[in-house]
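Read through the structure below, which is laid out as structure tokens, and then see the notes.
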Amino acid sequence: MAEERRARKPTFSGGGSSGGGGGGWMRRRRRLRRWTVRMATSALLWTAVMQLATMAGLRHPRIGDAWPSAAACFGRRGGAATATPAAGNLAVLGDDEGALRGAHSSPPALLPKRVYKSNGYLKVSCNGGLNQMRAAICDMVTIARYLNLTLVIPELDKTSFWADPSDFEDIFDVNHFINSLRDEVKIVKRIPDKFSRKLQWQPFSIAPVSWSNEKYYLKKIMPLVKKHKVLHFNKTDARLANNGLPSKLQMLRCRVNYEAIRFTPHIEALGSKLISILRKSGSFVVLHLRYEMDMLSFSGCTHGCSDEEIDELTRMRYAYPWWKEKEIDSEKKRLEGLCPLTPEEITLVLKALGFTRDTLIYVASGELYGGERRLAILREAFPKIVRKEMLLSPEELRPFKNHSTQMAALDYMVSVASDVFIPSYDENMARVVEGHRRYSGFRKTIMLDRRKLVELLDLLQEGMLSWDEFSAAVKGMHENRMGQPARRKVIPGRPKEEDYFYSNPQECLDPRMKLSSKSKHSYI
């Protein structure tokens, strides 16, 4: 029996002359163990490399290789507005959801938390509309990072003209916002209870000085944080300088704006559907027609309005005490280029630029002052004018009713994804969209020179210019105003007059793009 058991015992060839079968088996086990360790180590290293690559991607977005030619949008000699994007334009990838979707891919794993001792809590109340608040949020994250603070999820403006009751989480993806920035700054949804009870909801409140650099926050704001532990900024618009900031702070502003700020899934889905519907008809132009009651009343621009309408707009201006300017010379302001173009004026400008009747135009705006009556001339010249209310069903838009900021978020998505973007006035949405389109590959954005346009429009109206002369002049003056790479204008001591950081975040753009004060661009 013993011999039989020995016969059944398995044998292994070992490879050693004196070790016999048992020694060979042990060596194989050791080799197997070493192989397993190597594989596990390789897997860990690969995971680390991929996470580092993901983090690098968040900081250094890809930019399109080339600025599309003017012919892509206007055709030869400024003819039909075909608006076909160039193949090198990264923002158009054959994806119906447009440029925003490419930036909204979440990292495969949570980024590692930045370990730092927080100096206190920063609570902020944003003021203004969607895009004014969006830029402010980027600034507040940057300030919190610079001062090593913990940022509380921002409060949104509910008292402005629009009276939108939306909270941050109604418009933006809160968890993505917190998690995508955890390697830079700690963000919490609320102040801890121990501080809330102590403060009785009355933290020290201040409005930082507008257009301040990082030294102001270090010297003036930091001592207040150390004293009070919780600081409340009750105004956040334009509180950080356009220029002169360290590069890493400028880069962080971009990272927040283009990577961390994401709309809620519901807004994203509906915005993507709008873009998809428009894409099925081919290329499309977005016209941001800022001819709305609040803008006309606030600016005092009443060109083309009736006496009754002028009285109504004036009464509204006096009804809002925080609108400082009351007595306004509308015509003088218009001649200075400080008024939005009227629907009638924008019709002539679009035709002069070479857009034709078959151009698909999406009008991004709230309710136009004067309604369809004021849109009639524009619609007659460009029959393929659409709005979100025409493309989506009442049921789809019902959750957005009385939420103008959420409605603006839909227009924002469509504006960034469009083949051409044309604002009639360069206020917050126009400038922030322009910057986003630059970041997405220098997509064509025609920033109208209203001061010169008004002069030409009046000469045309008076018969002092022929149509051909008018059209040639309009095209000529906008050759270098179409979103090409350009250096941001700096005017020391006059920050309101210099180029806005969020309209041209040049520090965050592809360094291969040559920046110049004037970039050649022709209609051929």
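The figures follow:
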read-out	value
For Glu498, residues with placed amide H under 5 Å, excluding near neighbours	Ile491
Accessible surface of region 121-260 [probe 1.4 Å, protein heavy atoms]: carbon and sulfur percent	51
Between region 274-328 and region 137-170, the alpha-carbon center distance in angstrom	25
Estimated FRET transfer efficiency (Glu469, Lys113; beta-carbon r; R0 56 Å; 0.05)	0.35
Vicinal HN-Hα couplings computed from phi for region 343-350 (Karplus, 6.51 cos²θ - 1.76 cosθ + 1.60; Hz; Gly/Pro x)	x, 5, 5, 5, 4, 5, 5, 4
Cα extents of region 121-260 along the three principal axes, largest first (Å)	38, 34, 31
Label-point separation in nm, Asn402 to Arg182, each point 7 Å along Cα→Cβ	3.7
FRET efficiency for Lys189 and Glu455, using Cβ-Cβ distance with R0 set to 56 Å, rounded to 0.05	0.60
Sites Glu462 and Gln202 - FRET efficiency at Förster radius 51 Å, r taken between beta-carbons, to 0.05	0.25
Chymotrypsin sites (Phe, Trp or Tyr not before Pro) within region 379-424, DSSP loop, no more than 16 other Cβ atoms inside 10 Å	none
Neighbour net charge for His303 - beta-carbon separation under 10 angstrom, K R +1, D E -1	-1
All lysines inside 22 Å of Lys280 as judged from Cα atoms, apart from same-chain residues fewer than 8 positions distant	Lys384, Lys388, Lys444
Average accessible area per residue (Å²) across region 121-260 - probe 1.4 Å, nucleic acids and ligands excluded	41
Segments 258-268, 481-491 sorted - mean Cβ within 10 Å per residue, highest first	258-268, 481-491
Label-point separation in nm, Thr159 to Ala269, each point 7 Å along Cα→Cβ	3.6
Distance-filtered residues of region 481-496 - backbone nitrogen under 17 Å, label point 7 angstrom along Asp510 Cα→Cβ	483-487
Candidate lysines for bridging to Lys186, where Cα separation is under 17 Å - those fewer than 8 sequence places away on the same chain excluded	Lys113, Lys117, Lys123, Lys229
Solvent-accessible area per residue for region 266-517 (1.4 angstrom probe, square angstrom)	43
Heavy-atom accessible surface of region 458-508: percent carbon and sulfur, 1.4 Å	47
Surrounding net charge for Thr445, when Lys and Arg each add one and Asp and Glu each subtract one, Cβ distance under 12 Å	+3
Packing-based ranking, highest mean first, of 390-396, 374-380 given that Cβ atoms within 10 Å are counted	374-380, 390-396
Karplus (6.51, -1.76, 1.60) ³J(HN,Hα), θ = phi - 60°, over region 392-398, in Hz, Gly and Pro reported as x	10, 7, x, 5, 5, 8, 4
Loop-resident sites, region 315-386, for chymotrypsin sites (Phe, Trp or Tyr not before Pro), counting at most 16 other Cβ within 10 Å (DSSP)	Trp322, Trp323
Per-residue ³J(HN,Hα) for region 299-309, Karplus 6.51 cos²θ - 1.76 cosθ + 1.60, θ = phi - 60°, Hz, x for Gly and Pro	7, x, 8, 10, 4, x, 8, 6, 4, 5, 5
Added length on full extension, which subtracts the Cα-Cα distance from 0.36 nm per residue, Glu309 to Glu367	19.4 nm
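The values are calculated or read from the model by the stated rules, or taken from the named source; none is laboratory data. Since we're looking at a predicted model, the values are computed, not measured. Note that we place each Cβ from the backbone using ideal geometry, even for glycine, and neighbour counts take in every protein chain shown. All accessible areas refer to the heavy atoms of the entire protein, side chains included, with ligands and DNA or RNA removed. Shrake-Rupley method; radii C 1.70, N 1.55, O 1.52, S 1.80 Å.
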